[in-house]
1. Would you mention how many residues in the range 108-134 are aromatic (Phe, Trp, Tyr) and out of contact with any strand residue (DSSP E or B) (no Cβ under 9 Å at 6 or more places or on another chain)?
2. Determine, yes or no, whether residue 29 is open to solvent by 90 Å² or more (accessible area, probe 1.4 Å), over 30 Å from residue 148 (Cβ atoms) and out of contact with any strand residue (DSSP E or B) (no Cβ under 7 Å at 6 or more places or on another chain).
3. What's the total number of residues in the range 135-150 that are over 21 Å from residue 67 (Cα atoms) and open to solvent by less than 80 Å² (accessible area, probe 1.4 Å)?
4. Of everything in the range 59-90, what is surrounded by fewer than 11 Cβ atoms within 10 Å (Cβ to Cβ) and assigned to a helix (DSSP H, G or I)? Give them in sequence order.
5. Is one or more of the residues making up the range 34-55 part of a helix (DSSP H, G or I) and touching a residue at least 60 places away in the same chain (Cβ under 8 Å)?
6. Applying the selection to the range 116-134, what residues are under 25 Å from the mean Cα position of the chain (by Cα) and either surrounded by 13 or more Cβ atoms within 10 Å (Cβ to Cβ) or in contact (Cβ under 8 Å) with a residue 24 or more places away in the chain (or both)?
7. I'm trying to understand the selection: among the residues of the range 100-115, which are open to solvent by less than 100 Å² (accessible area, probe 1.4 Å) and not in a helix (DSSP H, G or I)?
8. Which residue is farthest from the chain's Cα centre (by Cα), if the candidates are limited to the range 151-160 and must be surrounded by fewer than 20 Cβ atoms within 10 Å (Cβ to Cβ) and not β-branched (Val, Ile, Thr)?
Amino acid sequence: MDDKTQDNDINIDELKSELELAKKKAEEHLNGWKRAKADYLNLKKETENRQMELIQFANAALIAQLLPIFDHFKLGLQHVPVEQKKADWVVGFFHIKKQFEDFLKQLGIEEIKTVGEKFNPEFHEAVVHDKKEGFEPDMIFEEVKSGYTLHGKVIMPAKVKVAK
C-alpha cells in the first residue's frame, strides 16, 4: 500500500469514528429534547388542571350563600296548600325551582341523596338517632336540611334523622 492509500484508510476510519460520535451526540440531544417536551406537556396539563380546579371552587363562597336561599325556596313550595298547587303562579314557582336546579347542576352542584339511603358521615350529619318502624339501623328516614356536593366534594353536609 502506498502512503496515500494508507492515509485515506486512516482518514476514513477517523471520519467513521467522528460520524458515530456525532450520531451518539445527536441521539442524546434528541432524547433530552423529548424529555424536555414531555416535562413541558406534563407541566402544561398540570397547570390547566389547577386552573380548572381553581375556577370550579373559586365561587364556593357565593354558592354557599345561594344554597340556603334555594333551600328556603324549596321549603316554601312544600307548604303551598294542595288546592292551590295547580294555580298558575304556583306552577310558575315550580318552574323557577327547576331552573335553579338546572343552574346548580351546570355549576357542578348536586344535592346529596338522603331518605332511604344508608347513613354516611362523609355526606350526612345526623341530628337525631331514633327508632323508626320500617327502617333498618343506620338508614336515613328524614331529611332535616339538604346537603350539597360541588364536583363530588361535600360543601354542605345533609342534616338527617337516622334510624337506630
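1. If we filter the range 108-134 for residues that are aromatic (Phe, Trp, Tyr), which is where we start, we get 119, 123.
Right, trim to out of contact with any strand residue (DSSP E or B) (no Cβ under 9 Å at 6 or more places or on another chain) and you get none.
Total satisfying the criteria: 0.
2. Numbers: open to solvent by 90 Å² or more (accessible area, probe 1.4 Å): yes; over 30 Å from residue 148 (Cβ atoms): yes; out of contact with any strand residue (DSSP E or B) (no Cβ under 7 Å at 6 or more places or on another chain): yes.
Judged against the criteria, residue 29 is a match.
3. Filtering the range 135-150 for residues over 21 Å from residue 67 (Cα atoms) gives 135-141.
If we keep only those that are open to solvent by less than 80 Å² (accessible area, probe 1.4 Å) too, we end up with 135, 138-141.
Summing the residues that are over 21 Å from residue 67 (Cα atoms) and open to solvent by less than 80 Å² (accessible area, probe 1.4 Å) in the range 135-150 gives 5.
4. Applying the first criterion (surrounded by fewer than 11 Cβ atoms within 10 Å (Cβ to Cβ)) to the range 59-90 yields 61-62, 65, 69, 72, 78-79, 81-84, 86, 88-89.
Correct list: 61, 62, 65, 69, 72, 78, 82, 83, 84, 88, 89.
5. Applying the first criterion (part of a helix (DSSP H, G or I)) to the range 34-55 yields 34-55.
With the extra rule that they be touching a residue at least 60 places away in the same chain (Cβ under 8 Å), the set shrinks to none.
No, the range 34-55 has no match at all.
6. Looking only at the range 116-134, we keep the residues that are under 25 Å from the mean Cα position of the chain (by Cα), and these are 117-125.
Matches in the range 116-134: 117, 119, 120, 122, 123, 124, 125.
7. If we filter the range 100-115 for residues that are open to solvent by less than 100 Å² (accessible area, probe 1.4 Å), which is where we start, we get 100-104, 107-109, 111-112, 114-115.
If the condition is that a residue be open to solvent by less than 100 Å² (accessible area, probe 1.4 Å) and not in a helix (DSSP H, G or I), then 107, 108, 109, 111, 112, 114, 115 are the ones that fit.
8. Residues of the range 151-160 surrounded by fewer than 20 Cβ atoms within 10 Å (Cβ to Cβ): 151-155, 157, 159.
Then keep just the ones that are not β-branched (Val, Ile, Thr); that gives 151-153, 157, 159.
Numbers: 151: 4, 152: 6, 153: 8, 157: 17, 159: 23 Å.
Top of the filtered list is 159.
The values are calculated or read from the model by the stated rules, or taken from the named source; none is laboratory data. Bear in mind the structure is a predicted one, so any value in this text is a computation, not a measurement. Quick reminder, even Gly has a Cβ in these numbers, built from the backbone with ideal geometry, and neighbours come from all protein chains shown. SASA here: full protein model, heavy atoms, side chains in, ligands and nucleic acids out. Shrake-Rupley method; radii C 1.70, N 1.55, O 1.52, S 1.80 Å.
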